[in-house]
Amino acid sequence: MKTDTLYYEDPFLCTFTATVRTCEAVENGYAVTLDRTAFYPEGGGQPADHGTLGGIPVLDVQEQHDEIMHTLSQPLAVGQTVEGVVDWDRRFDHMQQHSGEHILSGILCDRYHCDNVGFHLGADTVTIDYNTDLTWEQVMAAEAAANAVIWADRPVEITYPDPDTLAHLAYRSKKELTGPVRIVTFPEADCCACCGTHVRRAGQVGLVKVLSCQKFRQGVRLEILCGKRALSYLSQSWEQARTVGQKLSVKPVEILPAVERLEAELAQTKLRTQELEEDLFAHIAREHAGAGDTLLIQPPMRPDRARRLADTVAHSCGALAAVFAGEADSYVYALVHAGGADIAPLVKAMNQSLHGRGGGRGGFAQGSVQASSEEIAAFFHNQKEEPPCATT
């Protein structure tokens with residue numbers, strides 16, 4: 001028997017009474033049907049309403065053969081009258097997101113002759129897929145137009161046109177439709193077949209903010225926020241910008257040029273640091289000229305710099321240069337043999353003894369060990385060649 005859908009009659013209705021028709025045990029609780037309901041079932045990319053029935057939490061709502069199935073954690077008695085309470089914050093949030101998506105999609109599809117081929121209203125953001133490649137500039141222009149429609153605050157029109165009227169109506173739809181078709185119209189923005197819940201006036205959406213536009217299949221995927229979600233996101237972003245601005249001694253709107261100046265200064269500092277590091281490496285190499293196998297235990301440095309030092313020292317000492325850079329019990333290593341001798345057996349034994357990971361080929365190897373500097377020195381001291389240890 002068809003359930004009377006109160007959420008279509010009044011999407012702002014959040015309390016109602018109804019009679020329990022059926023209650024059956026299911027895998028995740030109890031499936032309850034009512035003679036009427038204000039709980040919207042999951043569908044069309046919009047999540048189901050939550051709330052309570054007879055004081056029992058409603059975990060899920062689905063539509064099956066014109067009946068609305070409410071999943072509850074506890075059973076209800078068939079025939080009893082219960083009060084339903086819809087989680088209003090969740091419902092209104094979904095209406096803001098869904099209505100905002102309609103407004104933006106209607107404008108994009110009209111301006112750039114694309115289709116909305118995917119919609120998902122997630123717990124954090126809304127994603128929309130279009131089958132045409134859109135530029136960020138085009139999306140930003142549509143966002144501005146969408147917010148203008150919202151602020152004009154015109155009433156939303158919901159109709160069920162007769163077949164002849166529908167045949168001559170220009171409306172959006174992602175699939176072939178049969179039976180009565182529900183048309184949701186946002187004046188100056190969108191006309192679309194839709195079964196979801198929507199706000200009464202465009203102004204109740206508040207605002208639309210596009211977060212990203214990424215290439216997806218043959219078109220793009222937008223990530224958007226509407227209403228309270230958008231306000232919360234922008235407020236958090238502004239607070240972060242304000243805090244960063246204080247650290248940079250600039251206004252929040254002047255952060256970008258300040259960061260660009262810092263990037264330029266950092267690039268110069270990195271260049272100067274590399275120059276000094278190269279001088280240090282050359283000095284260390286001169287100290288070990290002709291020394292043969294050499295072990296160096298150094299302060300922390302990036303793996304690529306450890307390899308650079310090992311390579312420089314190997315050419316100077318004329319044999320194996322083993323560089324370990326780190327502190328406490330964690331070191332990265334780079335081993336280079338000037339003559340290209342196979343050091344794989346040495347590296348294998350070293351990894352086993354020093355809890356290491358890594359390897360290489362020919363006269364080069366790199367990786368990391370979990371061992372102290374004393375343990376590293378002891379391992380190389382016990383090797384047949386017994387290379388001298390230089391710690392700086």
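All of the numbers you see were taken from the coordinates with simple rules; none came from a lab. Please read all numbers here as calculations on a predicted model, not as lab measurements. When we count neighbours, we look across all protein chains shown, and the Cβ atoms used for this are built from the backbone with ideal geometry, even at glycine.
A few points about this structure:
- When the chain is treated as a Gaussian network with alpha carbon springs shorter than 10 Å, the biggest mean-square fluctuation among Tyr333, Tyr30, Tyr40 belongs to Tyr333.
- Protection proxy ranking for 129-138, 242-251, 196-205, using the average of other Cβ atoms within 10 Å per residue and placing the highest first: 196-205, 129-138, 242-251.
- When Asp35, Asp279 are arranged by Cβ crowding within 10 Å, least crowded first, meaning fewest neighbours, the order is Asp279, Asp35.
- Percent antiparallel among DSSP beta bridges (both partners in the chain, rounded to 5): 85
- The angle between the Cα long axis of helix 344-354 and the main principal axis of the chain comes to about 70°, on a 0 to 90 degree scale.
- In this structure the amide hydrogen of Met69, modeled in the peptide plane, comes within under 5 Å of the amide hydrogens of Gln62, Glu63, Gln64, none closer than 5 places in sequence on its chain.
- 11 Å beta-carbon shell around Lys209, net charge (K/R +1, D/E -1): -1
- Dipole magnitude (debye, nearest 20) for segment 1-133, charges at Cβ of Lys, Arg, Asp, Glu: 260
- Loop-resident sites, segment 111-188, for trypsin sites (Lys or Arg not before Pro), counting at most 13 other Cβ within 10 Å (DSSP): Lys175
- Of the labelled figures [x] 49; [y] 65; [z] 57, only one reflects percent of Cα pairs over 28 Å apart as derived from the coordinates, namely [y].
- Ranking of Met140, Met69, Met301 by neighbouring Cβ atoms within 10 Å, starting from the fewest: Met140, Met301, Met69.
- Amide hydrogen neighbours beyond the local backbone of Arg36, cut-off 5 Å, H modeled: Asp4, Thr19
- The angle separating the long axis of helix 255-287 from the principal Cα axis of greatest extent in the chain is about 20 degrees.
- The GluC sites (Glu not before Pro) of segment 330-386 meeting both criteria, a DSSP state outside H, G, I, E and B (loop) and at most 14 other C-beta atoms within 10 angstrom of the site's C-beta, are Glu385.
- Percentage relative contact order, segment 265-376, counting C-alpha pairs under 8 Å, at least six apart: 21
- Taking amide H positions as modeled 1.01 Å from N, with prolines and chain starts lacking one, the residues under 5 Å from Val126 and 5 or more places away or on another chain are Ile224.
- Across segment 356-363, computed HN-Hα scalar couplings (Karplus, 6.51 cos²θ - 1.76 cosθ + 1.60, θ = phi - 60°) run x, 9, x, x, x, 8, x, x Hz from first to last residue, x flagging Gly and Pro.
- Cα-based helix-to-principal-axis angle, 227-248 vs the chain, degrees rounded to 10: 30
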